[in-house]
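Written out below as structure tokens is the structure these notes cover.
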Amino acid sequence: MFKKILIANRGEIALRVICACKELGVRTVAIYSEADRHSLPVRFADEAICIGPPQLALSYLNIPAVISAAEIANVEAVHPGYGLLAENANFAEVCETSGIKFIGPRPEVTRLMGEKEKARAAMKKAGVPILPGSDGIIASDGEAVEWARQVGFPVIVKASAGGGGRGMRVVRNEEELPGLFRAAQAEAAGAFGNGDLYMEKYVEHPRHIEFQVLADEHGNVVSLGERECSIQRRHQKLLEESPSTQVTPELRDQIGAVLCKSLAAIGYTNAGTIEFLMDQDRRLHFIEMNTRIQVEHPVTEMVTDVDLVKSQIMIAAGANMRDVLLGPIVHRGHSIECRINAEHPEKFTPSAGKITAFHPPGGTGVRVDTAAYTEGVIPPYYDSLIAKLIVRGKDRSEAVSRMSRALEMFIVEGVYTTIPLHRKILADEDFRAGNIDTGFIERFLKKNGG
Ligand code: MV4
């Protein structure tokens, strides 16, 4: 096992990685910006190094500064958390050439999955179900029309370098295709410096369902089942659960088996998430792969009892899957996570400032992942996620009741948060009945005068 690792992140995920390291007996080095000097990761890590001013580009995204800290602290590995440098293949490459193990997949694999149409082609070749679509980049609006005629309307145009829904357009007929194609191209070029587009058949009212996998460096891949993440607003997840009410044990095993075979063939290593859309006939279609630990990983941990972050570190240190897992993966009960963001309830804009009171709920089956505390300051420079409230119950109904009472007992004062929004979602009849898809929040906000 590593003696010492650096955590190239901040907030709750930095603390989450520190927890895993402490249990593994691995020493930790936190890096922090001037805005995070008084943060809990700095307090709980064995060492802490200031890497620059608050702005992301000058601190957490500054690769030379992060690598310098890793070299000064003489760490053997870097855990990138999620966001920031987690899916930056160049960063993984620089770690490698500096003799520091990057806790994640190989840079080539990260690069492949970052080009969405290449990821699609690779998964198709490996036998994962994908939607009908273009085989590669579409060069012109003329070519787009040709493809759309073959596939049939509606279609969706997506940016190859995409993410967060940018550079994406739904096209319902041939007349509007050239205009929307050019708009997507311009948006993608502006946002990612790359205007490459590809196309897929459009799925109406899909559910977003993703599978968690772990792969060791000896060719073993396991699936830890799915997470249902349809409750999103502006491509930001709000609430996630596991299992999905729509995935049968047979479908879970079938997709799991296909993914293990495919990812072994691709040479995937460490933790990964494969995103699918579920259509009205409950069929799953691959859309993209995330090559990092995700915000919502705790719901999988709650139903499988596998510590995913510890697993990541063990795998990177060369462990075999049989030593990472205690035995076969078993799914027990139901878990829900609510993302608590510091943001204004109507405007959905970040709400920075001092937390004047903070009381997280506890009790049976309740977990809170957070780096927030009373008198702690939420800086304006970063993501607005301040806590994750996660519950487990024997079934979905118990998980829903437990989440409702935990939300009632969660006190955050001084900043606006999404807690009141979550209380209303948990009381919603459609949510309680499991009637959810990616259009849920829009319908919910209309109903509730939002
Ligand atoms: C789609 C789709 C329908 N059909 N692809 C949105 C972000 C990106 N990761 C993929 N997205 C979608 N791709 C096809 N072929 C609908 C969406 C989509 C969506 C997906 C997951 C969660 C929320 C969403 C909200 C709007 C659109």
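Based on alpha-carbon centroids, what's the gap between segment 129-174 and segment 34-96 in Å, whole number please?
That distance is 37 Å.
Taking θ = phi - 60°, what integer Hz values does the Karplus form 6.51 cos²θ - 1.76 cosθ + 1.60 yield along segment 390-395, in sequence order, with x for Gly and Pro?
Once θ is set to phi - 60°, the couplings for segment 390-395 become 10, 10, 10, x, 5, 8 Hz.
Take the alpha carbon atoms of segment 298-322, find their center, do the same for segment 411-427, and report the distance between the two centers in whole angstrom.
Between the Cα centres of segment 298-322 and segment 411-427 lies a distance of 31 Å.
If you put +1 on each Lys and Arg Cβ and -1 on each Asp and Glu Cβ, how big is the dipole of segment 174-305 around its Cα centre, in Debye rounded to 20? Don't skip to the answer; put the middle values down first.
Values: 12 positive and 23 negative charges, 24 e Å.
Computed about the Cα centre, the dipole is about 120 debye.
With +1 on the Cβ of every Lys and Arg and -1 on the Cβ of every Asp and Glu, and nothing else charged, how large is the dipole of the chain about its Cα centre, in debye rounded to the nearest 20? Walk me through the intermediate numbers first.
Details: 52 positive and 58 negative charges, 132 e Å.
Result for the chain is approximately 640 debye, rounded to the nearest 20.
For segment 403-449, what mean projected area does the convex hull of the alpha carbons give, in nm²?
Approximately 3.8 nm², given one-decimal rounding.
Looking at this model, which pairs from Lys201/Lys446; Lys124/Lys201; Lys310/Lys424; Lys101/Lys310; Lys3/Lys310; Lys158/Lys424 are more than 25 angstrom apart at the alpha-carbon?
Over 25 Å apart, Cα to Cα: Lys201/Lys446; Lys310/Lys424; Lys158/Lys424.
Which one, Ala159, Ala144, Gly267, projects farthest toward the positive side of the charge dipole computed for the chain from Cβ point charges (K/R +1, D/E -1)?
Of Ala159, Ala144, Gly267, it is Gly267.
Give me a comma-separated list of calculated 3J(HN,Hα) values for segment 262-272, in order, Karplus coefficients 6.51, -1.76, 1.60 applied at θ = phi - 60°, integers in Hz, x for any Gly or Pro.
In residue order, the calculated couplings are 5, 6, 5, 5, 6, x, 5, 9, 6, 7, x Hz.
With +1 on each Lys and Arg Cβ and -1 on each Asp and Glu Cβ, and nothing else charged, work out how big the dipole of segment 132-201 is about its Cα centre, in Debye to the nearest 20.
On the way: 7 positive and 10 negative charges, 50 e Å.
So the magnitude is around 240 debye.
Hey, in the GNM for the chain with a 10 angstrom Cα cutoff, which one of Tyr202, Tyr268, Tyr381 fluctuates hardest?
Tyr381
Normalised by the residues of segment 132-201, what does the relative contact order come to in percent, with Cα pairs under 8 Å and at least six apart? List each step's numbers first, then the result.
Numbers: 135 pairs, mean separation 30.4, N = 70.
Over segment 132-201, the number comes to 43 percent.
Quick one: pull the percent of accessible area on segment 4-103 belonging to carbon and sulfur, 1.4 Å probe, ligands and nucleic acids left out.
On the way: 2000 of 3890 Å².
Summing carbon and sulfur atoms, their accessible area is 51 percent of the total for segment 4-103.
All other residues with a Cβ under 11 Å from the Cβ of Asp428 taken together, and with Lys, Arg as +1 and Asp, Glu as -1, what is their net charge?
Counting the neighbours of Asp428, the net charge comes to +3.
Please give me the summed charge of the neighbours of Leu325: other residues whose Cβ is under 14 Å from its Cβ, Lys and Arg +1, Asp and Glu -1.
Once positives and negatives cancel, what remains is -3.
Using Cα springs under 10 Å in a Gaussian network model of the chain, which residue among Arg392, Arg234, Arg27 shows the largest mean-square fluctuation?
Arg234
With a 1.4 Å probe and all protein chains left in place, how much accessible area per residue does the chain have, in Å²?
Heavy-atom SASA per residue in the chain reads 42 Å².
Among Gly179, Pro350, Asn62, which residue has its Cα positioned farthest towards the positive end of the charge dipole of the chain, with +1 placed on the Cβ of Lys and Arg, -1 on the Cβ of Asp and Glu, and the dipole taken about the Cα centre?
So the residue furthest toward the plus end is Pro350.
The values are calculated or read from the model by the stated rules, or taken from the named source; none is laboratory data. Nothing here was measured: the structure is a model prediction, and the numbers come from that model. Glycine also receives a Cβ, built like all others from the backbone with ideal geometry; neighbour counts cover every protein chain displayed. Please note that ligands, DNA and RNA were not included when accessible areas were found on the heavy atoms of the full protein model with its side chains. Shrake-Rupley method; radii C 1.70, N 1.55, O 1.52, S 1.80 Å.
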